[in-house]
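Structure first, then comments.
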Amino acid sequence: MDRLRPLDPPHKGIRNAFSQVSLLAGRTDFANPEEVRQLQTAAAELFTILRDHKNQEDLFIFSPLDQRVPGATDDERAQHVLLHTELDVLESALASFDGTQTNDEGHAFVLGLSGFHGRYLIHMESEEAHAEPLLLEHVTDDEMAADQGAIMAQMPFETLLLWFKYIVPARRIADNRQVLAGFVAAAPPEAVAAAMNVLASVETPERLKAMT
């Protein structure tokens with residue numbers, strides 16, 4: 001039986017969101033206010049899930065491992081600090097754009113975003129190669145499942161919808177079917193309807209039907 005891999009869903013969602021924002025940034029005319037607003041909106045979603053992921057990872061994924069293997073995630077936690085300092089700088093730079101910038105100024109932002117994207121991908125690969133195998137060795141699937149439930153229970157609903165938007169298109173139908181079945185069984189009808197509306201905007205009808 002395949003083991004539960006708690007980094008798989010958020011990391012696939014983050015890779016999806018990063019790729020979309022990087023593509024959009026590369027084709028944005030920074031002298032066009034509407035195109036800049038579109039980039040700011042997309043980047044705000046990426047930045048939201050990155051911050052949420054760091055907080056949830058530190059609390060619900062790394063902490064249980066550190067309790068069993070003290071210091072196991074020191075490197076990953078240090079990387080979080082550096083990456084999120086860089087994220088703050090990028091976010092501030094993009095927020096200052098109003099469509100009156102030159103495309104040279106926009107190019108500088110795109111280069112900064114690209115570098116950050118690359119470093120974040122390396123960071124996730126490091127977590128998957130080091131922290132997650134240790135987690136699978138020292139933490140049971142039942143414990144990890146309980147932690148995943150705790151993450152969803154305390155997450156703001158709008159943030160959960162963002163995760164659905166980026167995770168679901170990036171995962172296998174069978175994986176999504178299992179998660180969505182649990183969500184539909186536990187969530188109120190209005191929450192289920194909101195989630196289905198989000199998924200309908202990013203999934204093909206065929207895939208959405210197969211996973212629900």
Kyte-Doolittle mean at least -0.5, axial Cα span of 24 Å or more - DSSP H helices of the chain: 8-27, 74-95, 103-126
Using a Förster distance of 22 Å, the FRET efficiency for Ala181-Ala146 (Cβ separation, nearest 0.05): 0.75
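By the scheme Lys and Arg +1, Asp and Glu -1, what is the net charge of all other residues having a beta-carbon under 15 Å from that of Glu105?
Local net charge: -4.
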Calculated FRET value between Leu111 and Asn55, using beta carbons and R₀ = 22 Å, to 0.05: 0.20
Length added when fully stretched, Glu45-Val81, from 0.36 nm per residue minus Cα-Cα: 11.0 nm
Distance (nanometres) between label positions extended 7 Å along Cα→Cβ at Thr100 and Ala129: 4.7
Debye intensity ratio in log₁₀ form over the Cα atoms of the chain, taken at each q of 0.14, 0.16 Å⁻¹: -0.92, -1.14
Cα→Cβ-extended label distance, 7 Å offset, between Leu23 and Met196, nm: 2.7
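Among the GluC sites (Glu not before Pro) in the range 167-212, which ones are in a DSSP loop with at most 15 other Cβ atoms within 10 Å of the Cβ? Mind listing them?
Of the GluC sites (Glu not before Pro), not one in the loops of the range 167-212 has a Cβ with at most 15 other Cβ atoms within 10 Å.
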Those residues of the range 1-22 whose amide nitrogen sits under 15 Å from the label point placed on Leu136, 7 Å along Cα→Cβ: 1-9
Charge context of Thr212, other residues only, Cβ under 10 angstrom, K/R +1, D/E -1: +2
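Only the coordinates and a few stated rules stand behind these numbers; no lab work does. As the structure is a computational prediction, the values presented were derived from the model and not from experiment. When we count neighbours, we look across all protein chains shown, and the Cβ atoms used for this are built from the backbone with ideal geometry, even at glycine.
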